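The values are calculated or read from the model by the stated rules, or taken from the named source; none is laboratory data. None of these values were measured; they are calculated from a predicted model. In this analysis, Cβ positions are derived from the backbone assuming ideal geometry, glycine residues included, and neighbour counts consider all displayed protein chains. With ligands, DNA and RNA removed, areas are computed over all heavy atoms of the protein, side chains included. Shrake-Rupley method; radii C 1.70, N 1.55, O 1.52, S 1.80 Å.
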Amino acid sequence: MEPVQGKIQQLTRRRPALGALACAALLALAGGAGCVNPFAPGRDDGTAVSACDPHTVDGIFQCFQAAYTFRDTLVYGPLVDAQFIFVYRDYDLGIDQTWGRDEEMRSTYGLFQSTQKLDLIWNNIISTSAESTTVNVVRGFNLTVVYNPGQIDQVSGYANLTLQRQTPADPWKIVRWRDESNF
């Protein structure tokens, strides 16, 4: 700290206004340089995102899995198209129910916030049909949802996903998801 004080004194003698500014800057720099909070580590932007590439069909499934593993809507959100439709069967009413992107993001955020762990495993692709800008994939999955150690749900079934992109150079986006699970 003595070398910093010496520098501040030299600067304030030469130009008082500059010295005050330099003093504040050097104190902020000196004070902040030694402060490390082990309970607030730096943000790791690369972990979930580096594991996937939504420009490939396999990559979008990897991104989906990373979003669930890290419970990260910042990874999940870009995968979901603005025109997204989620379809599920309401067996109590005997009809299909749907919701759009906004409800999907709220629902996914709620899931991510209310769980301690999500473990999504993608299984075999059952069927696929593809064009350059549209793909339909039906794929098996197993999802373990851990709310707390005493409450764990197992969900399995099929995700029937329609993926689209504007051009072959663009990333894939999920435009339709028909849930065919046992939940």
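Below 9 angstrom from the Cβ of His55, what's the summed charge of the other residues (Lys, Arg +1; Asp, Glu -1)?
-1
Report, in debye and to the nearest 20, how large the dipole of the range 62-145 comes out about its Cα centre when Lys and Arg carry +1 and Asp and Glu carry -1 on their Cβ.
The dipole of the range 62-145 has a size of about 260 debye.
So with the 1.4 Å probe, I'd like the accessible area per residue for the range 50-183, rounded to whole Å².
55
Taking the dipole about the Cα centre of the range 128-183, with the C-beta of Lys and Arg at +1 and of Asp and Glu at -1, give me whichever of Thr167, Gly140, Ser129 is farthest to the positive side.
The residue sitting farthest along the positive end of the dipole is Thr167.
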